[in-house]
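Step one of this worksheet: look at the structure below.
The values are calculated or read from the model by the stated rules, or taken from the named source; none is laboratory data. Bear in mind the structure is a predicted one, so any value in this text is a computation, not a measurement. Because the Cβ atoms are built from the backbone with ideal geometry, glycine has one as well, and the counts that use them run over all protein chains shown. Just the protein is used for accessible areas: all its heavy atoms, side chains included, with ligands, DNA and RNA removed. Shrake-Rupley method; radii C 1.70, N 1.55, O 1.52, S 1.80 Å.
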Amino acid sequence: MMTSPATYTLRDRGTDLRVETWVEPDGKSRNRARLRVDGIEVDEGAGDEIGHVDLGADSGHPTRVV
């Protein structure tokens, strides 16, 4: 069961960006992140406990989650 994601909302040049982050359940210790641009999911990724996730490289709104 996934816990509720933390949600961060940004505005970039008239575009709504939403980043959702969560940790995988069952002790897998993978940090997950999802990027939505104007409500449409454009990318999702995972990283280690310490690190970053780069999202949206092809969306015109590259976003790094740390």
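Observations on the structure shown:
- Number of positions in the stretch 12-37 that are in a strand (DSSP E or B) and either under 18 Å from Val66 (Cα atoms) or in contact with a Pro (Cβ under 8 Å, 6 or more places away or on another chain) (or both): 13
- Residue satisfying all of: in the stretch 49-63; out of contact with any Gly (no Cβ under 9 Å at 6 or more places or on another chain) and more than 17 Å from Pro5 (Cα to Cα); modelled with the lowest pLDDT among these: Ile50
- Residue tally, condition over 11 Å from the mean Cα position of the chain (by Cα) and either surrounded by 13 or more Cβ atoms within 10 Å (Cβ to Cβ) or not in a loop (DSSP other than H, G, I, E, B) (or both), over the stretch 38-60: 2
- Looking across the stretch 9-28, just one residue is open to solvent by 30 Å² or more (accessible area, probe 1.4 Å), closer than 12 Å to Glu49 by Cα, touching a strand residue (DSSP E or B) at 6+ places or on another chain (Cβ under 9 Å) and of a type outside the set (Asp, Glu), and that is Val23.
- Among the residues here, Thr63 does not qualify as β-branched (Val, Ile, Thr) and loosely packed, with under 15 Cβ neighbours inside 10 Å.
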